[in-house]
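Undergrad: Have a look at the structure that comes next, please.
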Amino acid sequence: MSHPSNPFLNLKYEPAIESLADYHDVVTAAEFPLHKLRWRNNDVLPTLGLEPSQVSDDDFIESFGHFQAVRPFLALRYHGYQFGEYNPQLGDGRGFIYGQVRGIDGELYDFGTKGSGRTPYSRTADGRLTLKGGVREIIASEALHRMGVKTSRCFSLIETGEELWRGDEPSPTRSSVMIRFSRSHIRFGTFERLHWIRRDDLTRKLLDHVLQIYYPHIWGKQNQDSIFYLELVERVATLCAQWMVAGFCHAVLNTDNMSITGESFDYGPFAFIPAYDPRFTAAYFDYAGRYSYANQPAACYWNLEKLQDPLSVIMDKDDLQSSLQKFKDFYRVTYCDMMLKRLGFTNLSEPETEDLIGTTLKLLSNIQAIGYNQFFVKLRQDFQPNWREDAHNIFANHDWEITEEQLPLLAKWREVYHQLLIRQPITELANISKQLQQANPTIIFLRPKIEEVWEKITVDDNWQPLYDAIAQLKE
């Protein structure tokens, strides 16, 4: 029985994707033996015009654990290229759209579930989410959000009291159901499915839907289709650059995991790179390294190219290909801008930018003892005004294990950084320090850190280390 005071049940839900035929199946949610709220994202509530103090834990559980319905639950249909092979057997296998609602910013958002039970697309799977999978999704989305990546957010995580059996986790393992808060669940694979089932007549309708809701600033323009694809190329290139600067490896960049709004989502075997290793691969099953850290830009480019197949039914193929050629430039602009910010600067000349970033990557690539994100944390923590006075003051008290042969690399980096500081007015040093704090959170979720947090949960049912770690992100 619904609570008339539950703010989630009183939001104004819109039948946006629901109004489109042939894109979803109406499903029911699983019933669970237990409902323990383990995570609620109070930072997202204001986007919906809600104050955290107005929303109780029971409100979360009623809406996103017992699944009190406000609209039909929709399991979405889509296909996708998975590790380069086309798979027409996809679709939401353990999730559905709970509802779509406008934020106070005027944007439409989705409540999407993960682990909410079987659907027509579950095949042999149980439609469930492990508790550890949910915890990892909280960590990925909150860490990326803090680092300036355009990402979905984990809205809530409820432990559901079932025992699950998995090949990649010690089993039996605990179960959960998660709510993902994102801009859209329409994927590249949503368009690819239409092409595969020879319903090219529906492509125009789907694209119009996407333009009206997610690209309203270009809807109705004379050449709206080509503007859309160019902007999508820019958004995806920008997102990919954000991942690379954050040292993030998504691990499964299939076309069903690429959002039509250019938003990062769906975190499975992701990892933050421990050291700067272009060949680093996060998924144990990615034997060829297709989605390795360094291959992410090429993977995103390839996915955008594949999206041209369904789009070319209503757009000019040459025009699409011409827009895609701008990917590299879009990527470079964002990569340089964000990398500079992690290094404390906001406006250097192009030669200065190239020199600083190039020297930094050479240092991190050749001295693996300096962890990738650890380097930026150390830069944030150690930066002092006296670095401007003498290059030897820079990282004077580092504890990195550096060999005699590697010392010239650090000396070179110090010299480059020192020269840049000399060219800045003294009054700018406080801004550099502030910029370093904004761009570089002090906590890094490498695999050992995630395992440490998980061990406290699995051994002692102690969730505080997770909450503390997420809170530390904001510092």
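The values are calculated or read from the model by the stated rules, or taken from the named source; none is laboratory data. Just so you know, these numbers come straight off a predicted model, no measurement behind them. Using ideal geometry, Cβ is built from the backbone for each residue, glycine included, and neighbour counts are taken over all protein chains shown.
Undergrad: How many of the residues making up the range 118-132 are closer than 14 Å to residue 94 by Cβ and either out of contact with any Asp or Glu (no Cβ under 8 Å at 6 or more places or on another chain) or of a type in the set (Lys, Arg) (or both)?
TA: 9
Undergrad: Sort out which residues of the range 13-37 are assigned to a strand (DSSP E or B) and buried (at least 20 other Cβ atoms within 10 Å of the Cβ), and write them in order of number. Walk me through it before giving the result.
TA: To start, the set of residues in the range 13-37 that are assigned to a strand (DSSP E or B) comprises 13, 24-27, 36-37.
24, 27 - these are the residues of the range 13-37 that are assigned to a strand (DSSP E or B) and buried (at least 20 other Cβ atoms within 10 Å of the Cβ).
Undergrad: Okay, next question. Just give me the residues in the range 262-288 being over 21 Å from residue 130 (Cα atoms), under 12 Å from the mean Cα position of the chain (by Cα) and surrounded by fewer than 21 Cβ atoms within 10 Å (Cβ to Cβ), in sequence order.
TA: 263
Undergrad: Something else now. Could you grab me the full set of residues in the range 202-233 that are part of a loop (DSSP other than H, G, I, E, B) and of a type in the set (Gly, Ala, Ser)?
TA: 220
Undergrad: To continue, here is another question. How many residues, within the range 96-133, are more than 21 Å from residue 47 (Cβ to Cβ) and of a type in the set (Gly, Ala, Ser)? Steps first, please.
TA: So in the range 96-133, the residues more than 21 Å from residue 47 (Cβ to Cβ) come out as 96, 115-133.
Subset that is of a type in the set (Gly, Ala, Ser): 115-117, 122, 125, 127, 133.
Of the residues in that region, 7 qualify.
Undergrad: If you don't mind, there's one more thing I want to ask. Looking at residue 274 and the list (1) outside any loop (DSSP other than H, G, I, E, B); (2) in contact with a Gly (Cβ under 6 Å, 6 or more places away or on another chain); (3) not polar (S, T, N, Q), which single condition is not satisfied?
TA: (1)
Undergrad: Can you tell me which residues in the range 69-99 are touching an Asp or Glu at 6+ places or on another chain (Cβ under 6 Å) and in a loop (DSSP other than H, G, I, E, B)?
TA: Matches in the range 69-99: 78, 79, 90.
Undergrad: Quick check on the range 289-306: of everything there that is among the small types (Gly, Ala, Ser) and over 21 Å from residue 188 (Cβ atoms), which residue is modelled with the lowest pLDDT?
TA: Kept after step one, since they are among the small types (Gly, Ala, Ser), are these residues of the range 289-306: 289, 292, 294, 298-299.
If we keep only those that are over 21 Å from residue 188 (Cβ atoms) too, we end up with 289, 294.
Numbers: 289: 93, 294: 97.
Taking the candidates together, the pick is 289.
Undergrad: While we're looking at this one, here's another question. Can you pull out the residues in the range 309-326 that are without any contact (Cβ under 8 Å) to a residue 60 or more places away in the chain and assigned to a helix (DSSP H, G or I)?
TA: Of everything in the range 309-326, those that are without any contact (Cβ under 8 Å) to a residue 60 or more places away in the chain and assigned to a helix (DSSP H, G or I) turn out to be 317, 318, 321, 322.
Undergrad: Go over the candidates 169, 192 one by one and state the one that is over 26 Å from residue 461 (Cβ atoms), touching a helix residue (DSSP H, G or I) at 6+ places or on another chain (Cβ under 8 Å) and of a type in the set (Asp, Glu).
TA: 192
Undergrad: Here's another thing I want to ask about it. What number of residues in the range 100-156 are assigned to a helix (DSSP H, G or I) and among the polar types (S, T, N, Q)?
TA: Qualifying residue count, the range 100-156: 1.
Undergrad: List every residue pair whose Cβ atoms lie under 8 Å apart, where the two residues are 6 or more positions apart in sequence or sit on different chains, the first residue falls within the range 36-59 and is in the same structural domain as residue 179 (by TED's automatic domain parsing), and the second residue, located anywhere, is part of a loop (DSSP other than H, G, I, E, B) and of a type in the set (Asp, Glu).
TA: That search, which allows pairs on different chains as well, returns 45/51; 47/105.
Undergrad: Taking residue 206 and the conditions (1) more than 21 Å from residue 322 (Cα to Cα); (2) within 21 Å of the chain's Cα centre (by Cα), which numbered condition does it fall short on, given that it satisfies the others?
TA: Against the list (1) more than 21 Å from residue 322 (Cα to Cα); (2) within 21 Å of the chain's Cα centre (by Cα), residue 206 comes up short only on (2).
Undergrad: Kindly provide the set of residues from the range 247-271 that are within 21 Å of residue 148 (Cβ to Cβ), in a loop (DSSP other than H, G, I, E, B) and of a type outside the set (A, V, I, L, M), ordered by number.
TA: 247, 250, 261, 262, 263, 265, 266, 267, 270
Undergrad: If I filter the range 296-319 for residues that are under 23 Å from residue 445 (Cα atoms), among the small types (Gly, Ala, Ser) and assigned by TED's automatic domain parsing to the domain that holds residue 257, do I get at least one hit? Step through it out loud before you land on a result.
TA: Looking only at the range 296-319, we keep the residues that are under 23 Å from residue 445 (Cα atoms), and these are 296-297.
Next cut, among the small types (Gly, Ala, Ser) only: none.
Checked the range 296-319: no residue is under 23 Å from residue 445 (Cα atoms), among the small types (Gly, Ala, Ser) and assigned by TED's automatic domain parsing to the domain that holds residue 257.
Undergrad: I'd like the full set of residues that are assigned to a helix (DSSP H, G or I) and more than 24 Å from the chain's Cα centre (by Cα), limited to the range 327-363.
TA: Once the filter is applied, which keeps residues that are assigned to a helix (DSSP H, G or I) and more than 24 Å from the chain's Cα centre (by Cα), the range 327-363 yields 350, 351, 352, 353, 354, 355, 356, 358, 359, 360, 362, 363.
Undergrad: So, one more: Quick one: would you say residue 380 is over 18 Å from residue 365 (Cβ atoms) and either outside any loop (DSSP other than H, G, I, E, B) or at pLDDT 95 or above (or both)?
TA: Yes; evaluated as a whole, the condition is true for this residue.
Undergrad: Another question, then. Let me confirm something: among 421, 473, 409, which residue is over 14 Å from residue 343 (Cα atoms), in the same structural domain as residue 362 (by TED's automatic domain parsing), surrounded by 15 or more Cβ atoms within 10 Å (Cβ to Cβ) and in contact with a helix residue (DSSP H, G or I) (Cβ under 8 Å, 6 or more places away or on another chain)?
TA: Values: 421 fails: over 14 Å from residue 343 (Cα atoms); 473 fails: in the same structural domain as residue 362 (by TED's automatic domain parsing).
Every option except 409 fails the conditions.
Undergrad: Pick out the one residue from 131, 164 that is at pLDDT below 95 and assigned by TED's automatic domain parsing to the domain that holds residue 113.
TA: Going through 131, 164 in turn, the sole match is 164.
Undergrad: Of the residues 104, 97, only one is within 21 Å of the chain's Cα centre (by Cα), of a type in the set (A, V, I, L, M), within 17 Å of residue 153 (Cα to Cα) and outside the structural domain of residue 251 (by TED's automatic domain parsing); which?
TA: Unique residue meeting the criteria: 97.
Undergrad: Given the structure, is residue 225 modelled with pLDDT under 95, among the charged types (D, E, K, R) and out of contact with any helix residue (DSSP H, G or I) (no Cβ under 6 Å at 6 or more places or on another chain)?
TA: no
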